[in-house]
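Notes follow the structure.
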Amino acid sequence: MNNLKSTMMLGGLLALSFAAQAEQSHLDSVIQQGQLRVCTTGDYKPYTVKAEDGEYSGIDIAMARSLADSLGVKVEWVQTTWKTLMPDMLAGKCDIGVGGISVTLERQKKAFFSTTLDVDGKIPLVRCEDQALYQTVEQINQPSVRLVEPAGGTNEAFVHAFLPKAQLRLHDNVTIFQELLDKKADVMITDASEALYQQKLKPGLCAVNPKQFMQYGEKAYLLPRDDMTWKLYVDQWLHLAKVTGNYQKVLGQWIATPEPK
């Protein structure tokens, strides 16, 4: 009987050992595979920009490269869209999603977020001569107002929730700002960070009340909800990037004088 118990106990210990070996952390997988799969849209300056030659740049692109360097691996860019970002994450195509991603409870239901990068919020971006016309939700939520937004992101969601009376047209997020300048649209609701960047980039466009958000928001990196070890590593890397000034240095390369949020 004692021999039988000993055999059963040994078998149980071996099974636990094999199970532990089989349950490899996401962090270990990234390191062993030698690559960090980064999902990004490439259409959201100053966070993620894809050039015609296929090269990516931007604040979060530089940070993704820094994360890969910390792991001793290479970056594999995974092209996605705002509509397919979460499906791609759930399908296991991404180790991390970057590019000005807003924290939402809907996304939190399906994935993890890193610690917060920055506080941001929704504001109108309009032609400078029209600033007085589009100061409030009440002014914008009118049938005569033409809104233009990229499909599938939090900008479109804000319009559906708070500006249902206005005319909404969906457009790609690269040439969308020219629609405002060409007077094909009146207002784009976007994050204050993007509005301020485009205001600096394109004379004639103005961010309306960039310190008074119509909706509070935060930005973070999107992570698979399969392993806390991976999230803890990313959070610690991001913490050190901030306290050492590396994150601020990257910000400074894209935003010379960031506006307080």
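The values are calculated or read from the model by the stated rules, or taken from the named source; none is laboratory data. What you see is a predicted model; the values in this text were computed from it and never measured. No Cβ is skipped: glycine too gets one built from the backbone with ideal geometry, and neighbour counts run over all protein chains shown. All accessible areas refer to the heavy atoms of the entire protein, side chains included, with ligands and DNA or RNA removed. Shrake-Rupley method; radii C 1.70, N 1.55, O 1.52, S 1.80 Å.
Taking all Cα pairs closer than 8 Å and separated by 6 or more residues, the relative contact order of the chain comes to 25 percent.
Quick one: dipole size for segment 124-183, taken about the Cα centre, charges +1 on Lys/Arg Cβ and -1 on Asp/Glu Cβ, in debye to the nearest 20.
Computed charge dipole of segment 124-183: roughly 140 debye.
So how tilted is helix 228-243 from the main axis of the chain? Cα-based, degrees 0 to 90, rounded to 10. It works out to around 50 degrees. The length gained by stretching the chain between Arg65 and Ala51 to full extension, at 0.36 nm per residue less their Cα-Cα distance, is 3.4 nm.
Normalising by residue count, segment 108-261 has a Cα convex hull of 118 Å³ per residue. Enter the angle in degrees (range 0 to 90, nearest 10) between the Cα long axis of helix 2-22 and the first principal axis of the Cα atoms of the chain, meaning the one along which they spread out most. So the inclination is approximately 30 degrees.
Mean sequence separation of contacting Cα pairs (under 8 Å, at least six apart), scaled by the length of segment 136-223, corresponds to a relative contact order of 27 percent. Coupling constants for segment 187-199 follow from the phi torsions by the Karplus curve (6.51 cos²θ - 1.76 cosθ + 1.60, θ = phi - 60°), and in residue order they are 9, 10, 8, 8, 6, 4, 4, 5, 4, 5, 5, 5, 4 Hz; glycine and proline get x. With the Cα gyration tensor of the chain giving a ≥ b ≥ c as the square roots of its eigenvalues, does the rule (a/c under 1.5 for rounded; else a/b larger than b/c for prolate; else oblate) give rounded, prolate or oblate? Prolate is the answer for the chain, as a/c is 1.5 or above and a/b outweighs b/c.
Strictly greater than 20 Å: what percent of every Cα pair in segment 62-177 meets that? Please report the intermediate quantities before stating the final value.
On the way: 3618 of 6670 pairs.
Above the 20 Å cut-off, segment 62-177 has 54 percent of its Cα pairs.
Against the chain, whose longest principal axis comes from its Cα atoms, helix 59-71 is set at around 10 degrees. Rounded to the nearest whole Hz, the Karplus-based 3J(HN,Hα) values (6.51 cos²θ - 1.76 cosθ + 1.60, θ = phi - 60°) of segment 205-213 follow the sequence 9, 10, 7, 8, 6, x, 9, 10, 5, with x at glycine and proline.
Taking 8 Å as the Cα distance limit and 6 or more residues as the minimum spacing, I'd like the relative contact order of segment 72-201 as a percentage.
Numbers: 142 pairs, mean separation 35.4, N = 130.
So the answer I get is 27 percent.
Rounded to the nearest 20 debye, the dipole size of segment 51-153 about its Cα centre is 420 debye, using +1 on the Cβ of Lys and Arg and -1 on the Cβ of Asp and Glu.
Between amide H atoms placed 1.01 Å from N, distances below 5 Å from Gln142 occur with Ala166, all of them 5 or more places distant or on a separate chain.
Over the Cα atoms of segment 110-156, each weighted equally, I'd like the Debye log10 I(q)/I(0) at q = 0.17, 0.32, 0.34 Å⁻¹, rounded to two decimals. Once normalised to I(0) and log-transformed, intensities are -0.69, -1.35, -1.35. The gain in end-to-end length when the Phe213 to Ile255 segment is fully stretched comes to 13.2 nm, 0.36 nm per residue minus the alpha carbon separation. Element breakdown for segment 151-261 at a 1.4 angstrom probe: carbon and sulfur atoms account for 55% of the accessible area.
For Asp172 and Lys242, what is the calculated FRET efficiency with R₀ set at 35 Å and r taken between the beta-carbons, to the nearest 0.05?
On the way: r = 32 Å, r/R0 = 0.92.
So, using R0 = 35 Å, E works out to roughly 0.60.
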